Amino acid sequence: MPELLLLEAPVKENIWGGTGLAEFGYPLPSDTCGEAWVVSAHPHGDARIREGRFAGQTLSQVYRENRALFGPDAPDEFPLLVKIIDAQQDLSIQVHPDDAYAREHENGSLGKSECWLITRAGAYGGIVFGHRAKTKEELKEMVTAGRFDELICRRQVAAGDFFDIQPGTVHAICAGTQLVEVQQSSDITYRLYDYGRLQNGRPRPLHLAQALDVIKVPAVYEEQPRRERQEGNALVTVLTEGPYFTVADTEISGLWRASWQTPWACGVVLDGSGMLADHPVKKGDSFVILSPEGLSAAGRMRVLFAGPGGSHL
Ligand code: ZN
């Protein structure tokens, strides 16, 4: 029987945040909120289970004490982190390491692959994605001289666009853009440029040496084909299927039964409302689903589902 664990999402305050997350129904502690960690077992923002047999426990505790529920190959730590990010101002330009670099330089931490589904395009910015340096020497020169406008590639985006952000990719979210991010459960970010901004009177730290180590030169991007299928009353679009996560954007209009091959899944309702595994859910609700075989949903809603690496949604 599928079991739905509804989560309470920690909301983060950021210097670049605003109040856009209120549309998902999350209580905002201030008017500079940038991220809701909708599915998280990370120590920097562990989600709590809202009801049922694990009510009140954190997701990391449930995972630690009930590993068998997450399948025979479940890793030591809950592997995914799903965020909704709403940028009132530009985020810093950054890059993440891969597993090998993070293991060696960040106390055995995981690296960070992430992906973005754009839910609202910014009026002025979009995103920063990739760079123009042709060699490591040129990259180093441009970074050292602060020639960031020449270095970075800006892209205008539209709602529904999807980007796979491999480790070593220079990226940033620009003012006005809202997106859902699925990533490895890691919080390691090397900041390359922060527009000279101050936080509490000081610039936030940059990590130029590490960033120069991990940035891939030249920047290449292979767009993955998205696979769309109509499955009864749902339009299922598989956005990515890789070693770290599988992500599907799912438009449900009526009764639908999932045909997944995965020990578990997680996700967030992006729009509308309905029933999921016999629970009423609405926009903003996030969850983990255990034993998802035979999962059924009903209603009119758009749900972003994510499963662990190697799973098929
Ligand atoms: Zn990132």
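Numbers at a glance
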| item | result |
| --- | --- |
| Segment 1-91: C-alpha gyration tensor shape, a/c 1.5 cut-off, then a/b vs b/c | prolate |
| Accessible surface ranking that places the most exposed of Arg103, Arg154, Arg147 first, with a 1.4 angstrom probe | Arg103, Arg154, Arg147 |
| With DNA, RNA and ligands ignored, accessible area of His96 (1.4 Å probe; Å², nearest 10) | 0 |
| Sites Glu104 and Glu137 - FRET efficiency at Förster radius 25 Å, r taken between beta-carbons, to 0.05 | 0.60 |
| Accessible surface of the chain [probe 1.4 Å, protein heavy atoms]: carbon and sulfur percent | 48 |
| Scaled radius of gyration (Cα, divided by 2.2 N^0.38 Å) that segment 227-308 gives | 0.97 |
| The chain, helix-only ellipticity at 222 nm - DSSP H runs n ≥ 4, -39,500 (n - 2.57), divided by all residues, nearest 500 | -2500 deg cm²/dmol |
| Spin-label model distance (nm) - Thr144 vs Arg120, 7 Å beyond Cα toward Cβ | 4.3 |
| Heavy atoms of Cys153 accessible to a 1.4 Å probe, total area in Å² rounded to 10 | 30 |
| Where a label projected 7 Å from the Cα of His279 along Cα→Cβ would reach, residues of segment 17-55 with amide N under 19 Å | 24-27, 36-42, 46-55 |
| Over the chain: Kirkwood hydrodynamic radius from C-alpha pairwise inverse distances, Å | 20.0 |
| Loop-exposed GluC sites (Glu not before Pro) per DSSP, neighbour cap 13 Cβ within 10 angstrom, longest uninterrupted part of the chain | 52-221 |
| Estimated translational D of segment 161-223 in µm²/s (Stokes, Kirkwood radius over Cα pairs; 20 °C; 1.002 mPa s) | 154 |
| Summed residue charge, Cβ within 13 Å of Gly56's Cβ, Lys/Arg positive, Asp/Glu negative | 0 |
| Per residue accessible area of the chain, 1.4 Å probe, in Å² | 44 |
| Filtered trypsin sites (Lys or Arg not before Pro), segment 174-283: DSSP coil and at most 11 other beta carbons within 10 Å | none |
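The values are calculated or read from the model by the stated rules, or taken from the named source; none is laboratory data. All values reported here derive from a predicted model rather than from experimental measurement. Neighbour counts are summed over all protein chains in view; Cβ atoms, including those assigned to glycine, are modelled from backbone coordinates with ideal geometry. Only protein heavy atoms, including side chains, enter the accessible area calculation; ligands, DNA and RNA are left aside. Shrake-Rupley method; radii C 1.70, N 1.55, O 1.52, S 1.80 Å.
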